[in-house]
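So the structure is just underneath, and the comments pick up after that.
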Amino acid sequence: QVQLVESGGGLVQPGGSLRLSCAASVSIVNIYAMGWYRQAPGKEREAVAGIRSIGFITYGDSVKGRFTISKDNAENKVYLQMNSLKPEDTAIYYCKAYTGGRDYWGQGTQVTVSS
């Protein structure tokens, strides 16, 4: 079992920045992949960024150049640095861990970008 707890969401003005954190209950060193997803009201959940245990990183097209995913194996945490935020980034952001056998999800953290 892997428990994931997200934090760092909140209200920010357009152009601002936020840093999301995802704390895992187990060592993330050997977790195959971890990532961030988001779901806006009335829309499907979409992939934002992912990072594999070997360090390979991917980003969704809408966030490339603005968001950065990273992880700290010693702290068992994954981060999402979000810069140049736009109103369309407003969503609930979820952390996911894929162990190769199943997916584990956090409860989500709300990000609202509004003036």
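Any read-out appearing in this document is the output of simple, stated calculations on the displayed coordinates, not a laboratory observation. Since the model is a prediction, treat every value here as computed from it, not as a measurement. Glycine also receives a Cβ, built like all others from the backbone with ideal geometry; neighbour counts cover every protein chain displayed.
Working ranking of peptides 53-62, 33-42 by packing, defined as the average number of other Cβ atoms within 10 Å per residue, highest first, is 33-42, 53-62. Dipole check for the chain: with +1 at the C-beta of Lys and Arg, -1 at the C-beta of Asp and Glu, and the Cα centre as origin, the magnitude is about 100 Debye. Note on ASN73 and GLN110: the model spin-label points, each 7 Å out from Cα along the C-beta direction, lie 3.7 nm apart.
Stokes-Einstein diffusion for the chain, with the hydrodynamic radius set to the Kirkwood value over Cα pairs and evaluated at 4 °C in a medium of 1.567 mPa s, equals 93 µm²/s.
Each other residue within a Cβ distance under 11 Å of ALA47 adds +1 if Lys or Arg and -1 if Asp or Glu, for a net charge of 0. Annotation: for a label point projected 7 angstrom from Cα along Cα→Cβ of ILE54, residues of segment 24-46 with backbone N closer than 13 Å are 32-33.
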